[in-house]
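Read-outs: derived from the displayed coordinates by stated rules, not from any lab. In this text the structure is predicted, and so the values were computed from the model without any measurement. No Cβ is skipped: glycine too gets one built from the backbone with ideal geometry, and neighbour counts run over all protein chains shown.
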Amino acid sequence: MARRKKIYEGKAKILYEGPEPGTFVQYFKDDATAFNAEKMEVIDGKGVLNNRLSEFFMTGLANIGIPTHFLKRLNMREQLIRSVEIIPLEVIVRNIAAGSMAKRLGMEEGTALPRPIVEFSYKDDKLGDPLVPEEYIIALGWASQQELDDIVALALRVNDFMSGVMYGVGIQLVDFKIEFGRVWEGDFMRLILADEISPDSCRLWDMKSGRKLDKDVFRHDLGDLADAYTEVARRLGVMPTNATHAVKPTLIN
Ligand code: ADP
Ligand code: MG
């Protein structure tokens, strides 16, 4: 592979300089981390699955008019994306109480919320991505009021789309995390959806059995993470074959 400049290496992905200005290559690693990287493991095939699933969701969102950073998939683990100025917020949309919300408020996991709730965490691993009120975001200049209003509107549209797609394959979209970034076209700035959408960043529960099909499987040692992600991909028709277990050659006679 040609030498190329590494821009950033995170917990789950690596960004490389892209072939043209304004682009990056996003490489999906097999590394799984949880609890702010206290728990770490390599899960064979996770990167391949997340690359495909993020492509699938971002392409669908683009088709309903939501601007995203996704340009094209390059290979099993890499996609070409538009480079953006990341807004340092984790935008979380919740339909059902789970995870940190359930814990913080002493709610039972699985309690349906009366309406989708959008919340923000400040993206900072050292601080453990703390929940921040809108007022902090605006006062500290991380985003403007107008940007936050746009982000909330976009996040709710992403939620409707993702909920519907998942409902269609018997999966409940409990919550998810997305990130947004700024791009400039001349003097005009707009927000686009960046980072990834995958079972790493969503909570997905099978509607019939309640089986968890997301990163909670890894967080709480509930089974084989790659199997869970493969199940999501299979139901969505994204990857008909099992990405994690190599297909054995068949004898032709
Ligand atoms: P982290 O450990 O910081 O979450 P990841 O492993 O998720 O990192 O790698 C992706 C990083 O790249 C994230 O920090 C994310 O904010 C950033 N990123 C995602 N999409 C883009 C983009 N289009 N342009 C610039 N940065 C991006
Ligand atoms: Mg990340």
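Amide H to amide H, with H built 1.01 Å from N, residue 222 comes under 5 Å of no residue 5 or more places away or on another chain.
With the highest mean first, a sort of the peptides 120-133, 213-226 on other beta-carbon atoms found within 10 angstrom per residue produces 213-226, 120-133.
Classify the range 1-155 as rounded, prolate or oblate, taking a ≥ b ≥ c as the square roots of the eigenvalues of its Cα gyration tensor: rounded when a/c is under 1.5, otherwise prolate if a/b is larger than b/c and oblate if not. Judged from the Cα gyration tensor, the range 1-155 comes out prolate (a/c at least 1.5, a/b above b/c). Structure remark: mean-square fluctuation, Gaussian network model of the chain, C-alpha springs under 10 Å; the largest value among 171, 192, 137 belongs to 137. Close amide H pairs (under 5 Å, H built 1.01 Å from N) link residue 83 with 23, 24, residues at least 5 positions away or on another chain.
Peptides 93-101, 4-12, 201-209 ordered by packing proxy, namely the average of other Cβ atoms within 10 Å per residue, highest first: 93-101, 201-209, 4-12. Computed extension gain for residue 75 through residue 187, at 0.36 nm per residue and net of the alpha carbon distance, reaches 36.9 nm.
Rounded to the nearest 20, the size of the Cβ-charge dipole of the range 167-234 about its Cα centre is 240 debye, with Lys and Arg at +1 and Asp and Glu at -1. Backbone phi angles across the range 182-199, fed through the Karplus curve with coefficients 6.51, -1.76 and 1.60 (θ = phi - 60°), yield HN-Hα couplings of 9, 10, 10, 10, x, 8, 8, 9, 9, 9, 10, 6, 10, 6, 8, 10, 7, x Hz in residue order; Gly and Pro are listed as x.
Measuring between their Cα centroids, the range 95-130 and the range 1-24 lie 32 Å from each other.
As a calculated quantity, the FRET efficiency between residue 104 and residue 124 at R0 = 22 Å, using C-beta atoms, amounts to about 0.75. Taking 0.36 nm per residue of sequence separation and removing the Cα-Cα distance, the residue 160/residue 7 pair yields an extension gain of 51.8 nm. As a length-normalised measure over Cα pairs under 8 Å and 6 or more apart, the relative contact order of the chain settles at 17 percent. Per residue, the chain reaches -8500 deg cm²/dmol at 222 nm when only DSSP H runs of four or more residues are counted, each adding -39500 (n - 2.57). Using a ≥ b ≥ c from the Cα gyration tensor of the range 103-243 (square roots of the eigenvalues), is it rounded, prolate or oblate, where a/c under 1.5 gives rounded and otherwise the larger of a/b and b/c decides, a/b for prolate? It is prolate, given that a/c is not under 1.5 and a/b is the larger ratio. For residue 85 and residue 222, the difference between the fully extended length at 0.36 nm per residue and the C-alpha to C-alpha distance is 45.7 nm.
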